[in-house]
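To keep things clear, I will list the structure first and then write my remarks on it.
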Ligand code: TXE
């Protein structure tokens, strides 16, 4: 049985039977059969089902937000934000799929006609994460379903109730039971799913697990996409409005209790404004309300996973032992049964410290003084990851120059911790392989078929 607990106080909120080798195989077989019919269902009908899914999200938004908050500990306002943000993503896919996947004539000399058609991959495995289960899940299953694929969806074991709510809504909207099947369980069920002869694997999660998944499917000629972690840096130039930059970056570092793959995880500040920026940043963080996630006024809730508390304590101890200054927080919060950590700011950090190298995935940030652009750029690129990176400055050319030389899938000027459905979401190195979102993130669930037509 899978125990679902509330990370705020450790109470068990549900006990669910986990999928087994047999049930995973049965769901695969059902998906394989159902996908053939789904692929030839007119696109208009597939679009209609996703439109009804969107309407269901709107209709049940408060209930869905409450379920999400209860099992991952996301502050209730942020749960509603995620669900409202999902609507814009669905709208993008609804607006763009038909023209992105329409057959295209690319050559015609009267004798030879060349066209490109998009065909669905077939049955895909989607193994997902818990920190933004609606965003991270829908980035895959909405375009995949619209393109005519069947989806075997395994939500994270930390967001299973949400995964089941998604399945219920999709089925009520007209997506056939076998075309979208939810698998319940943790890594072991993920491993069982990868044994099935699927046509594509789309994973979101940590680098370590992504590497294991890549090894598990090695040698199989199928599409593999890995959306992994990040250690996202931001450089603050000396010409900024210090208070505004500090407020923006404190939010970028601590929103969703810092559990966002694209949250700001490292900040480099020009020496001329470093002390003023650190003061403003610490003031912002000390103003964040830590509290029960179901409370409307809460900004920082519990960590979703208990093991993160130990990791954050290790990051603080390691940094302080190597000369960092603890400017705010730094300790677990003692709330019975829950996994809580104080919003933490470390100053005088350097790249010998784990907190500047390893993904913290919590409400903690290191701030390092730099002498100027060259040092900032060197430090920003000194990482195993490459998800996002940002620069705060009034000077557009300076931002352009820096961001064109930083190694990341997404770059930000005077903003951070932001994902747009119109832009490809991708990472380099340990941040992953492949992409979701944008029209590329629709095509990725299809394979192009090239037609060479000679009329005789
Ligand atoms: O990951 P895990 P989590 C990253 C984020 C952080 C991590 C947190 O940076 O590092 O995800 O998510 C299943 N074979 N991103 O803790 O543990 C497991 O059951 C098959 C980046 O969930 O890697 C879960 O469903 N499956 C992202 C899923 O893998 C296995 C945005 C992820 O688990 C498995 C969000 C195995 N051997 C989070 N072991 C981005 N870049 O957009 C576990 N699983």
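Tallying residues that are more than 17 Å from the chain's Cα centre (by Cα) and within 16 Å of the ligand (Cβ to nearest atom) within segment 243-257 yields 0.
In segment 61-68 there is no residue that is farther than 30 Å from residue 26 by Cα, within 22 Å of the chain's Cα centre (by Cα) and within 16 Å of the ligand (Cβ to nearest atom). If you go through segment 144-188 and keep only what is away from the ligand (no atom under 15 Å from the Cβ), surrounded by 22 or more Cβ atoms within 10 Å (Cβ to Cβ) and without any contact (Cβ under 8 Å) to a residue 60 or more places away in the chain, you end up with just 180. Can you find a residue that is within 9 Å of the ligand (Cβ to nearest atom), touching a residue at least 24 places away in the same chain (Cβ under 8 Å), under 22 Å from residue 133 (Cα atoms) and touching a helix residue (DSSP H, G or I) at 6+ places or on another chain (Cβ under 7 Å) anywhere in segment 217-225? There is no residue in segment 217-225 that is within 9 Å of the ligand (Cβ to nearest atom), touching a residue at least 24 places away in the same chain (Cβ under 8 Å), under 22 Å from residue 133 (Cα atoms) and touching a helix residue (DSSP H, G or I) at 6+ places or on another chain (Cβ under 7 Å). Can you name every residue in segment 196-214 that is within 7 Å of the ligand (Cβ to nearest atom) and part of a loop (DSSP other than H, G, I, E, B)? Residues satisfying the conditions are 205, 206.
Do we have any residue at all in segment 103-120 that's outside any helix (DSSP H, G or I), touching a residue at least 40 places away in the same chain (Cβ under 8 Å) and surrounded by 21 or more Cβ atoms within 10 Å (Cβ to Cβ)? Yes: segment 103-120 contains one or more residues that are outside any helix (DSSP H, G or I), touching a residue at least 40 places away in the same chain (Cβ under 8 Å) and surrounded by 21 or more Cβ atoms within 10 Å (Cβ to Cβ). Of the candidates 36, 49, 65, the single residue that is in a helix (DSSP H, G or I) and surrounded by fewer than 14 Cβ atoms within 10 Å (Cβ to Cβ) is 36.
Within the set 83, 87, 43, the sole residue that is under 19 Å from the mean Cα position of the chain (by Cα) and surrounded by fewer than 18 Cβ atoms within 10 Å (Cβ to Cβ) turns out to be 87.
If the condition is being assigned to a helix (DSSP H, G or I) and either more than 10 Å from the ligand (Cβ to nearest atom) or crowded, with 24+ Cβ neighbours inside 10 Å (or both), then segment 125-135 contributes 133, 134.
Among the listed residues 309, 285, 240, 269, identify the single one that is more than 16 Å from the ligand (Cβ to nearest atom) and part of a helix (DSSP H, G or I). Being more than 16 Å from the ligand (Cβ to nearest atom) and part of a helix (DSSP H, G or I) holds for just one of 309, 285, 240, 269, which is 285. Against the conditions (1) more than 16 Å from the ligand (Cβ to nearest atom); (2) assigned to a loop (DSSP other than H, G, I, E, B), residue 346 satisfies every one except (2). When each of 423, 403, 387 is tested for being surrounded by 15 or more Cβ atoms within 10 Å (Cβ to Cβ), closer than 23 Å to residue 81 by Cβ and free of Cβ contacts under 8 Å to residues at least 24 places away in the same chain, the lone residue that passes is 423. Selection of segment 158-191 for residues being assigned to a helix (DSSP H, G or I), out of contact with any strand residue (DSSP E or B) (no Cβ under 9 Å at 6 or more places or on another chain) and farther than 21 Å from residue 132 by Cβ yields 172, 188, 191.
Residue selection: residue 306 fails the criterion of being buried (at least 23 other Cβ atoms within 10 Å of the Cβ) and out of contact with any strand residue (DSSP E or B) (no Cβ under 6 Å at 6 or more places or on another chain).
No value in this document is a laboratory result; all are computed from the given coordinates. Being a predicted model, the structure only gives us computed values, none of them experimental. Please note: Cβ atoms are built from the backbone with ideal geometry, for glycine as well, and neighbour counts cover all protein chains shown.
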